[in-house]
Amino acid sequence: MIQFSLRMTRVQNFTAAAAIAVVAIVAAITGPHLAQLYATTVGACDRRSACVVAAFASQDSTLRLWLGVLVVVVPGLAGMFLGAPLVARELEDGTVSLAWTQSVTRARWLIVRLLVTGLASVAVAGLVSLIVTWWASPMDRAGMNQFGSFDERGIVPLGYAAFAFTLGVVAGALVRRTIPAMMLTLVGFVAARLAVKIWLRPFLITPLTRSLALAPGSTGYGSSGYLPIAPPATLQPNPPDIPNGWITSIGVVSNHGGARLTATELARFCPGINSGRGSAGGGLGHVRAPQSVVNGLHDCVARVGTRFHELVSYQPASRYWPLQWYELAIFLAAAVVLAAACIWRVRRIG
Amino acid sequence: MIEATPAAIQACGLGKRYGRRWALSDCTLTIPAGHVVGLVGPNGAGKTTLLGLAAGLLAPTAGTISVLGARPAADAGQLGRVGFVAQNTPVYPGLSVAGHLGMGSALNPRWDAAAARRRVEQLGLDPRQRAGRLSGGQRAQLALTLAIAKRPDLLILDEPVASLDPLARREFLSTVADISAAHEMTVVLSSHLVADLERICDYLIVLVASRLRLAGPIGTLLAAHSQLSGAPQPAGSLDDLVVTCISGALPDDRGPEELR
């Protein structure tokens, strides 16, 4: 049954093995160069910034980006091409009447196929993540922003793969057609990943907070976010330097009671701050604001600073691995629930 | 009382509903073991549903069904005792002929590998050929080989020859006849072509609107029929018998012609 399960996904298995081989070869060719670069240049540098940018040539950054994308995409592909067809294709082609009349109960047939193909999916995602994590480690260390590539490194991709795969199988068992099941898997997987990333991950461990005085010289005004859902403009303090930490939110809060600065309050401190044209230079490059505007904002922030301060919520560097384990556990648990749902569903087909 | 050998298929008040439509309702019948049983009935009589229920691919909505004395697909042992070939004789298009035999051997403890290989050879199938490239007749033969090589006590064939040309049909049926004789295997095969059944069956069951209309050894049935209808000896054809039997039970809008 195990051998048969592997045989049924031979094309996908070969494709995955070939893809891993290509990634491994690319990593093996370019990786040692990065490690050497780190040892010679960055190690001697004073930790950050320009020195690092100069050390890692632009093609290394491009490759880092694409390998990161690969780690993110592989679990989704496993869900679409290994998970979704597993039951759906059999139902579509009518081969269930062949598969389910062998001397193997339906439940056992499904459990073995789930385990074999599911573990293969997890193994593929794990191998790709392992290679990329190793390959990018000099850059990640130099960049001091490990949370920036949280989803693309370490152990979380294993959980994503297990989840996407079981989601695919369940979708296939429910809609009974391969292509719609693949689409459903993609949508569901992306939605679940985003939901966890935005609403769950920052709060898995209660963030630490740090209070700072508002710095008139480095606080801006505006809004950050994507256009349709961008929050209204407000004061934007500069984030503090927390090496390898993850700043989950920055706010301007009252010294007494900790209430957030509202737009009305801001307008009272700084009349006219929300009037006039913005100075965003069309998105390309920077346009220097007139000195009068700079001075005005400086005085404004100084006035606000008498009653308000900057409050930073963050996850320190030491929580990177605990958060990786938590997120892995969440996705694995979801995968187990989906697998159980799948067995329940398949036993009732017909 | 002496316990007889369990019936091949025994249904009691059996029903299967899809949404609002009953594909089979209140079906009570006994199909005895040890025969080559032909199951006939007009389209929509519930033959495919009945056989799907017997193979354990479908679950009954109402009533009970037992196959060789146990619930269909209850466990691996029960699954191993029943061979099933579905109407469209499905095989895995991407899997080779040899791959199918490998699957059969991996998934069936009673698998007769030598017999399976021999049959594939006799049929002239290339073991390396993908099943998706086989002709309809070859595909049906491959599906039959898989069902036979697991050495079932009961072989269920649902309209196995419906899509085959006359030559392939003749070959397929003679294979079934040979095998049932050689292995003392009960065979239940449905068809709406009476001529097919006449060739190999020794027991006939006529199902009309999911109800048992007629059942018995073909010889007995024919003798009784010719006596009743006063037809000259030798007894009237099976075709004649079935048509008479069904038309008596059919509503006016469904003629018996579709059975011929």
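The values are calculated or read from the model by the stated rules, or taken from the named source; none is laboratory data. Bear in mind the structure is a predicted one, so any value in this text is a computation, not a measurement. All Cβ positions, even for glycine, are placed from backbone atoms using ideal geometry, and neighbour counts span all protein chains on display.
Restricting to the stretch B:55-81, name every residue that is surrounded by fewer than 22 Cβ atoms within 10 Å (Cβ to Cβ), small (Gly, Ala, Ser) and within 12 Å of chain A (Cβ to nearest Cβ).
Of everything in the stretch B:55-81, those that are surrounded by fewer than 22 Cβ atoms within 10 Å (Cβ to Cβ), small (Gly, Ala, Ser) and within 12 Å of chain A (Cβ to nearest Cβ) turn out to be B:59, B:74, B:76, B:77, B:80.
Give A:245, A:251, A:281 a once-over and let me know the one that is modelled with pLDDT under 95 and surrounded by fewer than 16 Cβ atoms within 10 Å (Cβ to Cβ).
Only one candidate qualifies: A:281.
Is at least one residue of the stretch B:176-199 under 23 Å from residue B:90 (Cβ atoms), in a helix (DSSP H, G or I), at pLDDT 85 or above and of a type in the set (Gly, Ala, Ser)?
The answer is yes, given that some residue of the stretch B:176-199 is under 23 Å from residue B:90 (Cβ atoms), in a helix (DSSP H, G or I), at pLDDT 85 or above and of a type in the set (Gly, Ala, Ser).
Considering only residues that are on the phi < 0 side of the Ramachandran plot, touching a Cys at 6+ places or on another chain (Cβ under 7 Å) and away from chain A (no Cβ under 14 Å), which ones fall in the stretch B:16-54?
Hits for the stretch B:16-54 are B:28, B:36, B:37, B:38.
Quickly run through the stretch A:136-185 and pick out the residues that are among the polar types (S, T, N, Q) and within 30 Å of residue A:350 (Cα to Cα).
Residues satisfying the conditions are A:166, A:178, A:185.
How many of the residues in the stretch B:90-124 are away from every other protein chain (no Cβ under 14 Å) and crowded, with 20+ Cβ neighbours inside 10 Å?
Going through the stretch B:90-124 one residue at a time, the tally reaches 2.
So, restricting to helices (runs of 4 or more DSSP H) that lie completely within the stretch A:1-96, which ones have at least 1 residues that are under 26 Å from residue A:152 (Cα atoms), under 24 Å from the mean Cα position of the chain (by Cα) and modelled with pLDDT under 95?
Filter on the stretch A:1-96 gives A:10-37, A:50-55, A:58-78.
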